[in-house]
Amino acid sequence: MGVLQKAFDDDKIFTYYQPIISNNITQTKHYEVVCRLIDHNDKLVDANKFIRSAKQVGFITQITRIIIDKAFKLFQNNDYNFSINISMHDLHEDYILGFLNYKCEHYGISPSGVHLELVEDIIISKTNTLDTQILELKEKGYHVIVDDFGTDKSAYNRMFELKAEYIKIDGTFIKELSKDSAYKVIVKSIVDFAKKSGIKTIAEHVETKEIHAIVKELGIDYSQGYYIGKPSLNI
């Protein structure tokens with residue numbers, strides 16, 4: 001908790017930007033906004049190492065607000081799309097729609113350029129209150145991405161209930177595509193299902209040229225990963 005509080009106090013929460021490219025068009029028009037912090041040893045810490053603690057101590061919505069504000073400042077002067085992770089905590093506090101609308105108006109950004117990645121806790125926590133907020137966000141023009149798709153059977157039903165336009169195929173499947181043909185079968189079934197449902201697919205953890213070639217062969221629409229581009233402070 002002390003590291004997180006100091007990061008807030010010293011403005012050491014940073015936004016990094018990782019490109020997501022279309023597998024049909026090489027020009028980058030979309031970035032995922034990811035979070036990093038500088039700890040007391042001046043070391044850069046990946047979000048995976050502190051997000052769980054942030055949720056436990058009640059800091060997660062504060063982090064989301066910081067990420068949104070910094071991302072909107074950056075994207076106000078271009079026409080790129082960008083995606084931001086939204087957790088169950090953000091919806092429970094019932095602030096996200098008003099906050100996003102305010103930022104869109106303040107920075108002159110259309111909601112159609114903002115994509116909301118719904119993390120696992122939203123997918124497994126089905127409540128009318130959460131779902132109503134997500135559908136309201138969609139009505140305002142924000143896009144919905146279901147993150148880490150494929151590991152939970154319930155995600156298939158939730159995808160339709162939340163009217164998701166994109167699914168991000170779980171990286172544990174993508175990383176193994178070049179090693180085990182069984183993963184190709186799994187991913188291909190997800191892609192076929194998505195295409196029939198009119199939903200776009202994103203492959204995360206595309207780390208090598210070989211995996212990117214397989215991803216394109218399988219018909220996945222977008223790619224993200226270190227082979228495409230590492231998260232950076234600039235776009």
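Candidates Glu210, Glu176: the one that is in a helix (DSSP H, G or I), open to solvent by 10 Å² or more (accessible area, probe 1.4 Å) and modelled with pLDDT of 90 or more is Glu210.
In contact (Cβ under 8 Å) with a residue 40 or more places away in the chain and either among the β-branched types (Val, Ile, Thr) or touching a Cys at 6+ places or on another chain (Cβ under 8 Å) (or both): is that true of Ile63 in this structure? Yes; evaluated as a whole, the condition is true for this residue.
Taking the stretch 201-232 as the range and being among the polar types (S, T, N, Q) and more than 17 Å from Val185 (Cα to Cα) as the test, the residues that pass are Thr208, Ser223, Gln224, Ser232.
Residues considered: Ser22, Ser83. Of these, the only one that is among the hydroxyl-bearing types (Ser, Thr, Tyr) and closer than 21 Å to Glu120 by Cβ is Ser83. Of everything listed in (1) in contact with a strand residue (DSSP E or B) (Cβ under 7 Å, 6 or more places away or on another chain); (2) at pLDDT 95 or above, the single unmet condition for Val119 is (2). If you go through the stretch 62-87 and keep only what is out of contact with any strand residue (DSSP E or B) (no Cβ under 8 Å at 6 or more places or on another chain) and over 16 Å from Phe14 (Cα atoms), you end up with Gln76, Asn77, Asn78, Asp79, Ser87. Restricting attention to the stretch 95-109, does a residue exist that is of a type outside the set (A, V, I, L, M, F, W, C) and under 25 Å from Glu204 (Cβ atoms)? Looking through the stretch 95-109, none of the residues is of a type outside the set (A, V, I, L, M, F, W, C) and under 25 Å from Glu204 (Cβ atoms).
Taken over the stretch 28-62, the criterion of being part of a strand (DSSP E or B), within 25 Å of Ser223 (Cβ to Cβ) and open to solvent by less than 70 Å² (accessible area, probe 1.4 Å) is satisfied by His30, Tyr31, Glu32, Val33, Val34, Cys35, Arg36, Asp46. Where residues in the stretch 113-159 are of a type in the set (S, T, N, Q), open to solvent by less than 60 Å² (accessible area, probe 1.4 Å) and not in a loop (DSSP other than H, G, I, E, B), which of them is farthest from Phe173 (Cα to Cα)? Looking at the filtered set, the residue picked out is Gln133.
Does Tyr80 satisfy being more than 24 Å from Asn157 (Cα to Cα), open to solvent by 10 Å² or more (accessible area, probe 1.4 Å) and in contact with a helix residue (DSSP H, G or I) (Cβ under 8 Å, 6 or more places away or on another chain)? Criteria met by Tyr80.
Of all residues assigned to the stretch 219-230, at least one qualifies as being surrounded by 13 or more Cβ atoms within 10 Å (Cβ to Cβ), farther than 12 Å from Ser22 by Cα and without any contact (Cβ under 8 Å) to a residue 24 or more places away in the chain.
The values are calculated or read from the model by the stated rules, or taken from the named source; none is laboratory data. None of these values were measured; they are calculated from a predicted model. All Cβ positions, glycine included, derive from the backbone under ideal geometry; neighbour counts span all protein chains shown. For the accessible areas, the whole protein counts, side chains as well, though only heavy atoms, and no ligand, DNA or RNA atoms are used. Shrake-Rupley method; radii C 1.70, N 1.55, O 1.52, S 1.80 Å.
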